[in-house]
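As structure tokens, the structure follows; a few thoughts come after it.
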Amino acid sequence: MVQLNTLAPTFKAQAYYDNDFKEVSLEDYKGKFVVLFFYPADFTFVCPTELEDLQDKYADLKKSGVEVLSVSTDTHFVHKAWQDHSPRISKIEYPMVADPDHAISKAYEVLRAEGGVADRATFIIDPEGLIKSIEITDEPIGRNATELVRKVNALIFARENPGQACPAKWEPGKDTLKPGLDLVGKL
């Protein structure tokens, strides 16, 4: 079962990025934070807005040492065709992973059995391969990459500063909390 603080299921799959088809493996990113960004399908409506929004934040994530892998149940050929034809998707620089046999979507428990597509799901995986964040959103609701970047930055901060916690709306440079008896009932 996929849960917080458990090892992320590993996979190898074909992807389209850098104008080429390449095999990617989650193991290739060991030692880095990874955002695994599942979306239902190429050539749809909400998905390109999400993927473009994520691309707009990709440089910020890379600067923090984070890699992004988007995943749908489409093939790598369809990913290429989508990049060739969509102004939004043509901007994408991160790997678009193909999951036509549904193995990755099943392993992460986000496959919609009735439609053969993945849910809108985001997993943040730490450098040791542990799942640190899970978000699953209903079909008509797009995700916000700005909030995703905030969450990743908070996870990186918490990892680098054991014993500190990031309160709601925390941003880098803002005050954190040191959980302890002295804070009980005072917040």
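Only the coordinates and a few stated rules stand behind these numbers; no lab work does. Keep in mind that this is a model prediction, so the values were computed, not measured. For neighbour counting, all protein chains shown are included, and Cβ atoms are generated from backbone atoms with ideal geometry for every residue, glycine included.
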Hits for the chain under the membrane-span-like helix rule (DSSP H, Cα axial span at least 18 Å, Kyte-Doolittle mean at least -0.5) are 145-160
Using the Cα atoms of segment 21-94, I'd like the radius of gyration and the largest Cα-Cα distance, Dmax, both in angstrom.
12.3, 35
Average silhouette area of segment 12-183, convex hull of alpha-carbon atoms, in square nanometres
10.6
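What net charge is computed for the residues neighbouring F123, neighbours being all others with C-beta under 11 Å from the C-beta of F123, Lys and Arg scored +1, Asp and Glu -1?
Values: positive: K132; negative: E109, D126, E135.
Net local charge, F123 excluded: -2.
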Within the chain, helix-based [θ] at 222 nm, where runs of 4 or more DSSP H residues each add -39,500 (n - 2.57), nearest 500
-8000 deg cm²/dmol
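How large is the direction-averaged shadow of the alpha-carbon convex hull of segment 81-187, in nm²? Please report the intermediate quantities before stating the final value.
Details: hull surface 40.9 nm².
For segment 81-187, averaging the hull's shadow over all directions gives 10.2 nm².
Explain nothing, just the number: relative contact order of the chain, from Cα pairs under 8 Å at least 6 residues apart, as a whole percent. The partial results should precede the final answer.
Numbers: 326 pairs, mean separation 46.7, N = 187.
Taking the mean separation of contacting Cα pairs over the length of the chain, I get 25 percent.
For the peptides 100-107, 149-156, what is the packing order when you average, over each peptide's residues, the other Cβ atoms within 10 Å and list the highest mean first?
On the way: 100-107: 16.5, 149-156: 19.2.
Top to bottom by mean Cβ count within 10 Å: 149-156, 100-107.
Could you check what % of the DSSP bridge pairs in the chain are antiparallel, to the nearest 5?
70
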